Amino acid sequence: AWYVPCLASLETLQELCRKENLSCKSIGITNRNLKSYEVEYLCDYKVDEGTEYYLVKWKGWPESSNTWEPLKNLKCPVLLQNFLSDQNEYLSRVKEGKALKVKNHVKALKPAVADYIVKKAKQRIALRRWKEELNRKKNHKAMILVENTVDLEGPPLDFYYINEYKPAPGINVINGITTGCECSDCPAEKCCPKEAGFLLAYNKQKKLKIQPGLPIYECNSYCRCGPDCPNRIVQKGTPYSLCIFRTNNGRGWGVKTLQKIKTNSFVMEYVGEVITSEEAERRGQLYDNQGNTYLFDLDYDSDEFTVDAARYGNVSHFVNHSCDPNLQVFNVFIDNLDLRLPRIALFSTRTIKAGEELTFDYQMKGSIDLTSDSADGLSPSKKRIRTVCKCGAVCCRGYLN
């Protein structure tokens, strides 16, 4: 049997599989292409004696197996279109000509153009695989899309998708709730929020009706009410299809909605690794040196815990800051009534159009900085270099911190 180190390249894994006659769908080798050839992407172009050729990267085969194939043999219109689009995109950016004539009368792309086309093809594959991974791991029905039409950045290398808090060793995020409401009609009876001394957070249309700063108490797993209870919103996960996209103004990744979102609707939950405030202070100093951090203080009742979404998180990991945001932070309690450990939910503050970027104000809560390109990293008690805000809002404060 082969024993392959986890850091082996994709090409190494493909070569080993083919030597051992093994299929592995996750690295592009299937029973279909184990003995045959399927175009994965096109790398280069030339015209030789009047015949057009494309350099082909074969799916599941290392780049050393690339071959030049005449256009008439290629049955991959989508890949041909991608090739031409990437070529035109590069040429339009650098304002170069379409092709270079060499001395033997063969037309060929400049090496820089071919290199860009290959990088775009690899990026397209990497982002598609990342999108598939995100959708495998999510626990809600809505889709997650990924898009980058700005640069050659691929998926983050050190980010792991999770659906709920990941407690650090020694931290218990479930405090063993054993009772629930006995309601047959939660909005009309003395439901979980009233037992906690607060108003029911949602109206009959399942839209938020309380003011920012007030907590949300949802029905839990011990409540008599069923899954259609209007007091079960955050626990069901985001109902909207969202797209993680690359911003074009230096803010790194962002998130936009693919569907219209009405005012006061639940959009997503903010999750990450739950750590102590002392550990957050230590990590914050490290993050500051790296130029980024994702620390979110859970200070509803105390400042004992912090959520760190740098490595572990969901789509909210990529939501950018705005001084005029369309999302608002709320503290939520469901199966855990520990006031030190609320769940964090983001609700819409207004109607959000399909295609619009989702944002919230990083100064709403604790010491947070979610952009990968920012330098804000320490808690408010520490003096930090001020980070310029790029939100573009009319009311922009000028700085993130």
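Rounded to the nearest 10 degrees, what's the angle between the helix 111-137 long axis and the longest principal axis of the chain, both from Cα atoms, 0 to 90? The angle comes out at about 40 degrees. Take the Cβ atoms of Ile177 and Glu52, set R0 to 51 Å, and the FRET efficiency comes out at 0.15. A 1.4 Å probe run over the chain, with the rest of the protein chains in place, finds 52 Å² accessible per residue. Placing pseudo-labels 7 Å out from each Cα toward the beta carbon at Leu22 and Glu147 gives an inter-label distance of 3.9 nm. Determine, from the Cβ-Cβ distance of Thr30 and Lys110 and an R0 of 30 Å, the FRET efficiency 1/(1 + (r/R0)^6), rounded to the nearest 0.05. So the FRET efficiency works out to roughly 0.30. Principal-axis analysis of the Cα atoms of the chain puts helix 77-94 at an angle of about 90° to the longest axis.
Note on Glu189 and Ala126: the model spin-label points, each 7 Å out from Cα along the C-beta direction, lie 5.5 nm apart. A full extension of the chain between Arg397 and Cys76 corresponds to an added length of 110.5 nm, given 0.36 nm per residue minus the alpha carbon distance.
Other residues lying with their Cβ under 14 Å from the Cβ of Lys190 contribute a combined charge of -2, Lys and Arg counting +1, Asp and Glu -1.
Of the residues Gln81, Gln259, Gln123, the one that moves most in a GNM of the chain with alpha-carbon contacts below 10 Å is Gln81. Once the C-beta distance of Ser85 and Asp228 is scaled by a Förster radius of 35 Å, the resulting FRET efficiency is 0.15 to the nearest 0.05.
Between Asn289 and Ala196, the modelled labels are 4.0 nm apart [label points 7 Å from Cα along Cα→Cβ].
The share of accessible area on the chain that comes from carbon and sulfur is 51 percent, using a 1.4 angstrom probe.
Add -39500 (n - 2.57) for each DSSP H run of 4 or more in the chain, then divide by its residues: what number comes out at 222 nm, to the nearest 500 deg cm²/dmol?
-6000 deg cm²/dmol
Helix 277-290 versus the longest principal axis of the chain: what angle, 0 to 90°, nearest 10, using Cα atoms? Roughly 30 degrees, rounded to the nearest 10.
Across the protein chains, with a 1.4 Å probe defining accessible surface, the residues Tyr222, Tyr240, Tyr362, Tyr399 rank Tyr222, Tyr399, Tyr240, Tyr362 from largest area downward.
The values are calculated or read from the model by the stated rules, or taken from the named source; none is laboratory data. Being a predicted model, the structure only gives us computed values, none of them experimental. A quick note on method: Cβ atoms are made from the backbone with ideal geometry, for glycine too, and the neighbour counts reach across all protein chains shown. Ligands, DNA and RNA are excluded from the accessible area calculation, which covers all protein heavy atoms including side chains. Shrake-Rupley method; radii C 1.70, N 1.55, O 1.52, S 1.80 Å.
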